[in-house]
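Okay, so here's the structure we're looking at.
The values are calculated or read from the model by the stated rules, or taken from the named source; none is laboratory data. Please read all numbers here as calculations on a predicted model, not as lab measurements. Methodologically, a virtual Cβ is constructed for each residue, glycine included, from the backbone with ideal geometry; neighbour enumeration extends over all protein chains shown. Note: accessible area is taken over every heavy atom of the protein model, side chains too, but ligands, DNA and RNA are not part of it. Shrake-Rupley method; radii C 1.70, N 1.55, O 1.52, S 1.80 Å.
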Amino acid sequence: SSTLISIYEGMIEDDPQFVLDQFIEKAKFYASIVQPDEGTTLGQSLIDLGHIGAGPSNTLIMYLMDLTVQQFENETTLYEIVEFLKKYNLRRNITDVPPTRDLDQIQIDTINACEDYISKGNKLTAKYLILVHCIGTATPAPLDTFRDHLSDNLYFLNKKATRFVLVKLCESQHNREFKPDFWARSSKGSYIWTIEHVFPQGKNIPTHWVEMMTGGNTDLAKEVQEGIVHCLGNLTLSGYNSTLSNQDFVRKQSKTEITAAGQKMDIGYKNGLYLNELLFNVDGSEESLSNAKVWTKDYIESRNLRMVEIMCEQFRFIGE
């Protein structure tokens, strides 16, 4: 850090106006990354990147934003690169491959490779950047490894990534009439939509859940809870998590609330949310969280498999 300070001191002494102008210009780039334009496809992609927690990639994106339009292959190249970085960072954050300690150097190596490529008169393509970004220590975990980590108790291992996955599953079915903001926060700064465990995660499993899950065997219920309670198949999103709490499954499904206008509103699993309507197969029958009559280990595992496969398809790299 002392070496870096000395470098900046020398630059400021040589040309203070140039350094100031550069700081202002780069600050604008950084602002467009952390507060992107929600009305553009690139902006939406950058928003996703922020929700994933892809801070180290900001160095590379700032470099790319400093390039001229003529230095890219076409007008969609930057968007294609950011879309790749979304997939790369989600996979990295879930599998921890490559490790965090390597991330800064990966950005530097990628920038150097791109600079060399452009200096030779080439236009930067998404294909070339992806190629140089994914070599050596920067090689991402294989799709099967990504699938294995997604299938595990993901919420216990990585709450932030779990939230992103659940939101992306829901957003894949958004339309103009139904598009809730799953990232909205209350006046106190907490998320309005939170992660809801269908089969409760608490140490003291309610009797009605022990009965449904294992026919009354408390020890077996605890064993099942330890194995799958935090996997995607047992999770959904809810704006009424505290209201649903440890209630029995049927009540969680059918829970309603009276609105200010005096109308009954579904706030349980019958609220129309895609996560609750997502179909999965159990013993040859199509089920969903909203219409299942019971909620057992088989249901959780089948729904988990379906959700994992959707995410693997959505976040696979080209050619996988």
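Accessible surface calculations at 1.4 Å, restricted to protein heavy atoms, place the chain at 54 Å² per residue. Computed from Cα atoms, the angle from the helix 159-171 axis to the main principal axis of the chain rounds to 80 degrees. In a DSSP loop and with at most 11 other Cβ atoms within 10 Å, the trypsin sites (Lys or Arg not before Pro) in the range 187-270 are K188, K203.
A probe of 1.4 angstrom, applied to the heavy atoms of all protein chains, finds M311 with accessible area near 0 square angstrom.
Calculated FRET efficiency, D248 to E309, Cβ-Cβ distance, R0 = 30 Å: about 0.55 to the nearest 0.05.
Treating r as the C-beta distance of N291 and D37 and R0 as 45 Å, the FRET efficiency rounds to 0.70. Size check on the range 132-250: the Cα extents along the three principal axes, sorted descending, read 56, 37, 28 Å. For the options G268, G216, G239, a Gaussian network treatment of the chain with springs between C-alpha atoms closer than 10 Å singles out G216 as fluctuating the most. Element breakdown for the chain at a 1.4 angstrom probe: carbon and sulfur atoms account for 51% of the accessible area. Could you work out how far helix 218-228 tilts from the main Cα principal axis of the chain, as a 0 to 90 degree angle to the nearest 10? Between helix and principal axis, roughly 20 degrees.
Helix 297-314 and the longest principal axis of the C-alpha atoms of the chain enclose an angle of approximately 20°. Provide, for q = 0.07, 0.16 Å⁻¹, the log10 of I(q)/I(0) from a solvent-free Debye sum over equal Cα point scatterers in the chain. Relative scattering, expressed as log10 I(q)/I(0), comes to -0.37, -1.35. Bridging of K127 to lysines at a Cα separation below 30 Å is possible for K26, K28, K86, K87, K160, K168, once same-chain residues fewer than 8 apart are set aside. Would you mind checking the pairs K203/K293; K270/K297; K179/K297 and listing those with alpha carbons more than 27 angstrom apart? Exceeds cut-off: K179/K297.
The slack between K264 and S187, meaning 0.36 nm per residue of separation minus the straight C-alpha distance, is 25.2 nm. Take Q71, project a point 7 Å from its Cα along the Cβ direction, then tell me which residues of the range 105-126 have their backbone nitrogen under 19 Å from it. Taking a point 7 Å out along Cα→Cβ of Q71, the residues of the range 105-126 whose backbone N falls under 19 Å are 106-126.
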